[in-house]
Structures are given as structure tokens and as C-alpha cells.
Amino acid sequence: MSEPAPAQQSQPLTRTRIPIFPVKCIVAPVDFSESSVAAIVTALELVSAPAGVHALHVDLPTADFSPTGEWAPLREGELTGTLSLEKLVQFLEDNHLSGVTPAIEFGDPANAVSAYAQKHHADMIVLAAHGYHGLQRLIHGSTAERIIRHCECATLVLHRPFRLASETVTG
């Protein structure tokens, strides 16, 4: 008779919180594309109040001419952040997405989205995957994949093609 295999030490499982619908806080990353609109519209259908949808745009830190008159990376709150927030608010208005909470963060998009969601105790992140393949994926990477790996809340990924609720099917 063979001896039973020794028990392996198991690693503690990390559990993703499953939200109860409707949820209170959803983060929807915005890159100013049609995909972002689809993510925000979907988030609005899942949240209890429009202000619970945080439309988050992440600015990459840049090495630009600083308002202090020196060549240095811009810091949070300097000109880039102000212009980005104005652009985000205009994007939301242009797409009739009123009542959502606009937000700007700085840094790597995947890390910034995950950190923002954790900081605001988000129940879910709703994002759109661009569906890059081959060389484009090698160059651009997959921000959606990296967000999924780093976030601690539920994640809903919309794949192309997107169909907004306002679109009708003809045929």
C-alpha cells in the first residue's frame, strides 16, 4: 500500500468582492475614445446614482517645460492636470454623460486605475478593451489585463464591438 502524499501548504486565497447590484461606486477609465463612452454608459446602468460613476483619466507624467520656468517633470496640479480635467469635463458633456464624477490621476494607467479604485472603495471597475493583437499589442500592451491583475474589486471588461443603449439594431 502506498503512503498518502504529504499535505502541501496552501497559500491563502485572495477573494474578489462580488458587488451587490446596484453598486455605489464604479470606476470607468477614460481615454477619450468611443470605448470610454460605452464603459461609462454601462457603469451608469449598474450604479445606484450617477455620481457613483468615477470617470477617471490617467495622465502620464511628462517632461515638459514647467510653469516654474525650468525643464522638469510636471507635478500634479500644474497646467497639464488642469487642462486634462477641462478636457474630461468637456468629453462628458459632449457625450451627454451628466452627473458622473470626473477624476484625474497621474502615473502608469493600470497602476493608477487600480490605486484609485482601492482608495475610493470602488465596488467595480468597468473598462473597454481595445482588442489589440499582434504587433499593436506588443507595442501598446494590454492595460485592461494589467488592471485586472492589480485591482482588488470586481472588473467588467467590454470587448469590441460595443453597442450603446442609444443605438438601434436595424436589419
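The values are calculated or read from the model by the stated rules, or taken from the named source; none is laboratory data. Quick caveat, the model's predicted, so the values are computed rather than measured. Don't worry about glycine lacking a Cβ; one is built from the backbone with ideal geometry, like all the others, and counts go over all protein chains shown. Note: areas computed on protein heavy atoms with side chains; ligands, DNA, RNA excluded. Shrake-Rupley method; radii C 1.70, N 1.55, O 1.52, S 1.80 Å.
When restricted to residues that are in a loop (DSSP other than H, G, I, E, B) and either at pLDDT 95 or above or among the small types (Gly, Ala, Ser) (or both), the stretch 73-87 contains 1. Against the numbered list (1) over 21 Å from Glu152 (Cα atoms); (2) modelled with pLDDT of 90 or more; (3) in contact with a helix residue (DSSP H, G or I) (Cβ under 9 Å, 6 or more places away or on another chain); (4) not acidic (Asp, Glu), Gln90 comes up short only at (3).
When restricted to residues that are open to solvent by 60 Å² or more (accessible area, probe 1.4 Å), at pLDDT 65 or above and in a loop (DSSP other than H, G, I, E, B), the stretch 143-171 contains 3. Taking the stretch 93-121 as the range and being open to solvent by less than 30 Å² (accessible area, probe 1.4 Å), at pLDDT 95 or above and part of a loop (DSSP other than H, G, I, E, B) as the test, the residues that pass are Leu97, Val100.
For the stretch 125-142, the criterion of being at pLDDT below 55, open to solvent by less than 80 Å² (accessible area, probe 1.4 Å), of a type outside the set (Asp, Glu) and out of contact with any Pro (no Cβ under 9 Å at 6 or more places or on another chain) is met by no residue.
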